[in-house]
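Written below as structure tokens is the structure these notes are about.
Computed from the coordinates by the stated procedures, all read-outs in this text should not be read as laboratory data. Since the structure is predicted, the reported quantities are computational estimates derived from the model, not experimental observations. No Cβ is skipped: glycine too gets one built from the backbone with ideal geometry, and neighbour counts run over all protein chains shown.
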Amino acid sequence: MSAQALKGHLDGMLLAALEDGPRHGYAVMEILRAGSDGRFDLPTGTIYPALRRLERAGHVRAQWSEEGGRRRRVYELTPSGRRTLDDERHAWQEFSSAVTALLGPHRRPVTS
Amino acid sequence: MTGPGAVDEVIGAYLAEIATRLTGPARARRDILAELEAGLADASDAHRAAGLSAVQAARAAVAEFGGPERVAEGFHAELAAAQARRVVLPLVTAGPLIGGLWTVTAMGGRTVPPWQWAGTPAEARPVIVLAVLALAAAIAGALFTMATTGRLVGRLPGRPLVTAAIAAAGTAPIDLTLLALFAVQVAATPSRFAVFPAATAAAASLIRLAYAGRAVRTCLATRTLSRPGHS
């Protein structure tokens, strides 16, 4: 998957990774990798500024917390983040079903 | 290279390379570096769990995070926003207070705006008008900065360091004008002003002048250092 194609949907994917509960940056990255069978290949260092931008937009809330002797910045969805995730999801479904209809597997015309 | 010293060296050198490319408020930079450090430790753990040695895992973590220029560049917009907010916030907070102090000073029991103060030369009037226009630009710059660096991020195109510099610089003409008019007045009729609000208003304007000068320099320096290609 090209980095450019991924970047356009990064916000939505980050919000989706936080949907099931608060996580720190590296855990978000691991979810994106696992959920895409390793096809999500943006450098890990680009996740952190993106999360901070979502924080500034009010879509996530961040808090430093200590766990296992390591201080980590943990991100959590806000109500506004949940709404944005729903919107992104809806837009993506519309877009992808339109593209699938046009670009999906070729159906041979039925001959009788 | 083996052992924990070598691991710290790999991670430390990488973080140091990023640190030299970050500009903006020191606290925000420290916060970013601390978060990256924890992330690199998590990444190293993951690579060790996959069977790499400590040093190999640290190197793999650094490779996974991406080049220091690229990582630092990713934070530029965030740091610019943090710097702009830091510059503008004191102006927004203190602005109405300084305005109020001067209003109390000018009134001094009578309702007389500064351009009608006895002894104010007629030529001062256009200067006051220009200063008020500059102040209006400053207020607009401050509000725009707060909006584009806050919730409206991404919805409105913003140049936070430019609008923050306008917010700071725009306060200078009104402060200079008021201080000059005030000095003329005090020299002519010293007893005209109540000492406390007058002295406080003048001091506040002097402080804001100094602050504005420093703020503009900070904004311009952050902007220059965060341009792509600069390292």
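Some notes on this structure:
- Cβ neighbours within 10 Å from other chains - mean over A:50-56: 5
- Folded to 0 to 90 degrees: helix B:54-65 orientation relative to chain B principal axis, Cα: 50
- Point-to-point label distance, A:Gln4-B:Val127, nm (Cα→Cβ direction, 7 Å offset): 5.7
- Pairwise FRET efficiency - B:Ile207 versus B:Ser53, Cβ, R0 = 45 Å, nearest 0.05: 0.20
- Here the gap between B:Leu143 and B:Ala221, fully extended at 0.36 nm per residue and compared with their Cα-Cα distance, gives a gain of 25.9 nm.
- Neighbour cut-off at most 15 other Cβ (10 Å), DSSP loop, trypsin sites (Lys or Arg not before Pro), the stretch A:31-112: A:Arg39, A:Arg107
- Of B:Ala168, B:Ala142, B:Ala134, the residue with the greatest mean-square motion in the GNM of chain B, using alpha carbon springs below 10 Å, is B:Ala134.
- Taking N as its residue count, the alpha carbon Rg of the stretch B:80-225 over 2.2 N^0.38 Å: 1.15
- For the stretch B:1-84, averaging the sequence separation of C-alpha pairs within contact (under 8 Å, six or more residues apart) and dividing by the residue count gives a relative contact order of 44 percent.
- Taking B:Leu178, B:Leu206, B:Leu156 in turn, the Gaussian network model of chain B (Cα-Cα springs below 10 Å) assigns the largest fluctuation to B:Leu156.
- Distance from the C-alpha centroid of the stretch B:129-165 to that of the stretch B:181-196: 34 Å, rounded to the whole angstrom.
- Distance histogram in 5 Å bins (all Cα pairs of chain A, percent per bin): 2, 11, 19, 21, 18, 11, 6, 4, 3, 3, 1, 1, 0, 0, 0
- Here the gap between A:Arg70 and A:Ala34, fully extended at 0.36 nm per residue and compared with their Cα-Cα distance, gives a gain of 10.6 nm.
- Normalised contact order of the stretch A:3-92, rounded percent, pairs of Cα under 8 Å and 6 or more residues apart: 34
- Peptide B:85-97 has a mean of 0 when you count, residue by residue, the C-beta atoms of other protein chains within 10 Å of its C-beta.
- Cα-based helix-to-principal-axis angle, B:26-49 vs chain B, degrees rounded to 10: 10
- Fully extending the segment from B:Ala94 to B:Ala136 would add 13.6 nm, taking 0.36 nm per residue of separation and subtracting the current Cα-Cα distance.
- Within 10 Å of the Cβ of each residue in B:33-44, the mean number of Cβ atoms contributed by other protein chains is 5.
- Taking every C-alpha pair closer than 8 Å and separated by at least 6 residues, the mean separation divided by the residue count of chain B gives a relative contact order of 23 percent.
- Selected from A:His24, A:His59, A:His90 as most flexible by GNM, with chain A as the system and alpha-carbon contacts under 10 Å: A:His90
- To the nearest ten degrees, helix B:124-149 and the longest principal axis of the Cα atoms of chain B are 30 degrees apart.
- Label-point gap, in nm, between B:Asp8 and A:Asp41 - each point 7 angstrom along Cα→Cβ: 3.6
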